[in-house]
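J.: Mind looking over this structure? Questions follow.
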Amino acid sequence: MKTVNGQEVIQVFEAWSPKKLACMDNDPIGLAIGTLNKPVSKVLVTLDVNEAVANEAIEKGCELIIAHHPPIFRRLANIRTDHPAGRLYEKLIKHDIAVYAAHTNLDVAEGGVNDLLADALQLKNRSILEETYAENLLKLAVFIPTANAQALREALAKAGAGRIGDYEACSYTTTGEGRFRALAGANPFVGSVGELHVEEEVKVEVVFPESIKGRVLKAMLTSHPYEEPAYDVIRLEQQTNVMGLGRVGYLTKDMTLQQFAEFVKQQLDVPAVRVVGDLQSKVSKVVLVGGDGNKYIYAAKRAGADVFLTGDMYFHTAQDAQAIDLQIVDPGHHVEKVMIAGVAKKMAELCEDKKYLVEFIQSTIHTEPFLFV
């Protein structure tokens, strides 16, 4: 096992939940406090960062905290250590504990907050409520001697090209003849300087997401025998890696709204929920948005939701939902705590694969500010 620093831990995290997935203007994600340029052996995973969580990190010897809710959400005018926020920042800095926040990018990421909520509710046949991120597909067409084509295809597949849905190493090959004349100073793989050469070649075509263009081209150039390969890169209309906020899915069995509310309380470990709608109506199709999903009531209605599950529902928004006959179950914002166990488990698996010697600890601090009486 390899000892690691904070940069290496966060590189693993961002490969799973990259910053580019963030979908809120000026979302304060990333490193909020401290430095990642230090050894890290223990990481505390938490929903929020308050003084009790900071004390927990100190007690458990954690050098890094990964949080869903950014500890510095609004621009600071000052850092006064006689105020609660200032005391928190001071404590973290004095104990050399870095804090990294993953907010809406973790909401969007596959296996992130919204998927973890959908897992808890056992939703099937899932889809995205609102697309917020997608990449263009590119096509590489490269000409290569027939004898070298298989090695090229393998290198491209290893670099991630040729992935289509549940299939990998997809490519298309056509045969033909390549012609060229090597000029003075060239070192041709085939043919001679000054002579027109005809070579039996194939054209290998693969598609790949734009985000890995550099990696794919490097693999092609490294595995190609020619010193000046001929190739085209074409931008396609199709998109891939489509991600977004919210999830749409179906319950494993139909319930009444009353039964669903009780199911939510049980599965998301909350003492109470707020409900809008007819408690005896049938619920099958669920739309959910973790956190504050007030602005998605119309998207949920368009998606055909029998019920919309989200937190922080405003009074007038609930009235608007009632007016469009959209039923709501509001379990509160704090149900996003599902990310604690989910992120700790995912990161432990990813770091285990890399043989990184780092432990991910689930915070046990209850950060829900409300009491239900």
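J.: Residue by residue through segment 101-116, what is 3J(HN,Hα) from phi via Karplus (6.51 cos²θ - 1.76 cosθ + 1.60, θ = phi - 60°)? Round to whole Hz and write x for glycine and proline.
T.: Going residue by residue, I get 10, 10, 9, 5, 5, 6, 5, 7, 3, 5, x, x, 4, 5, 5, 5 Hz, with x marking Gly and Pro.
J.: Can you give me the C-alpha center-to-center distance between segment 94-154 and segment 247-262, rounded to a whole angstrom?
T.: A separation of 28 Å, based on Cα centres.
J.: How much mean residue ellipticity at 222 nm does the chain get from its helices, if each DSSP H run of length 4 or more adds -39500 (n - 2.57) and you divide by all residues, to the nearest 500 deg cm²/dmol?
T.: When only DSSP H runs of four or more count, the value is -8500 deg cm²/dmol.
J.: Quick one: net charge of residue 357's neighbours, Cβ under 15 Å, K/R +1, D/E -1?
T.: -1
J.: Where a Cα-Cα gap under 13 Å defines reach, which aspartates and glutamates qualify for residue 337, not counting those fewer than 8 residues away within the same chain?
T.: The reachable aspartates and glutamates, counting only those whose Cα sits under 13 Å from residue 337, are 48, 107, 115, 269, 368.
J.: Residues with amide H under 5 Å of residue 31's amide H, sequence separation 5 or more or different chain, H placed in the peptide plane at 1.01 Å from N; which?
T.: 101
J.: Can you list residues from other chains, or at least 5 along the same chain, whose modelled amide H is less than 5 Å from the amide H of residue 132?
T.: So residue 132 has HN proximity to 243, 244, 245.
J.: Report, please, the projected area of segment 58-145 averaged over directions, based on the convex hull of its C-alpha atoms, in nm².
T.: Average of the hull's projected areas for segment 58-145 equals 12.7 nm².
J.: Right, something else. Of the heavy-atom accessible surface of the chain (probe 1.4 angstrom), what whole percent is carbon and sulfur?
T.: Here carbon and sulfur together make up 49 percent of the probe-accessible area.
J.: If amide hydrogens are placed 1.01 Å from N in the peptide plane, which non-local residues have theirs closer than 5 Å to the one on residue 64?
T.: 42, 44, 98
J.: Taking the solvent-accessible surface of protein heavy atoms with a 1.4 Å probe, what is the per residue accessible area of segment 219-301 in Å²?
T.: That works out to 51 Å² per residue.
J.: A further question on this structure: Test of the criteria: in segment 139-245, which GluC sites (Glu not before Pro) are in a DSSP loop and have at most 14 other Cβ atoms within 10 angstrom of their Cβ?
T.: Those satisfying the criteria are 168, 195, 227.
J.: Per residue, what accessible area does segment 25-105 have, given a 1.4 Å probe and all protein chains present, in Å²?
T.: 48
J.: Here is a follow-up. Enumerate the calculated ³J(HN,Hα) couplings along segment 270-277 in order (Karplus 6.51 cos²θ - 1.76 cosθ + 1.60, θ = phi - 60°), each rounded to whole Hz, writing x wherever the residue is Gly or Pro.
T.: 10, x, 7, 9, 9, 10, 10, x
J.: Same structure again: Check each of the trypsin sites (Lys or Arg not before Pro) in segment 76-130 and keep only those in coil by DSSP with at most 16 other C-beta atoms within 10 angstrom; list them in order.
T.: Taking segment 76-130 and a limit of 16 other Cβ atoms within 10 Å, the loop trypsin sites (Lys or Arg not before Pro) found are 80.
J.: Also, I was wondering about something else. Relative contact order for segment 97-222: what percent, with Cα pairs under 8 Å and sequence separation of 6 or more?
T.: Relative CO of segment 97-222 lands at 29 percent.
J.: Cα to Cα, under 16 Å, and not fewer than 8 places away if on the same chain: which aspartates and glutamates meet these conditions relative to residue 253?
T.: 119, 262, 306
J.: Calculate one ³J(HN,Hα) per residue across segment 50-64 by plugging θ = phi - 60° into the Karplus curve 6.51 cos²θ - 1.76 cosθ + 1.60, and present them in order as whole Hz with x for glycine and proline.
T.: 10, 5, 5, 5, 4, 4, 4, 4, 5, 4, 8, x, 7, 9, 9
J.: Which loop chymotrypsin sites (Phe, Trp or Tyr not before Pro) in segment 1-95, with loop taken from DSSP, have no more than 13 other Cβ atoms within 10 angstrom of their Cβ?
T.: 73
The values are calculated or read from the model by the stated rules, or taken from the named source; none is laboratory data. Please read all numbers here as calculations on a predicted model, not as lab measurements. Ideal geometry is used to build each Cβ from the backbone, glycine not excepted, and the neighbour counts take in all protein chains shown. Side chains included, ligands, DNA and RNA excluded: accessible areas come from the protein's heavy atoms. Shrake-Rupley method; radii C 1.70, N 1.55, O 1.52, S 1.80 Å.
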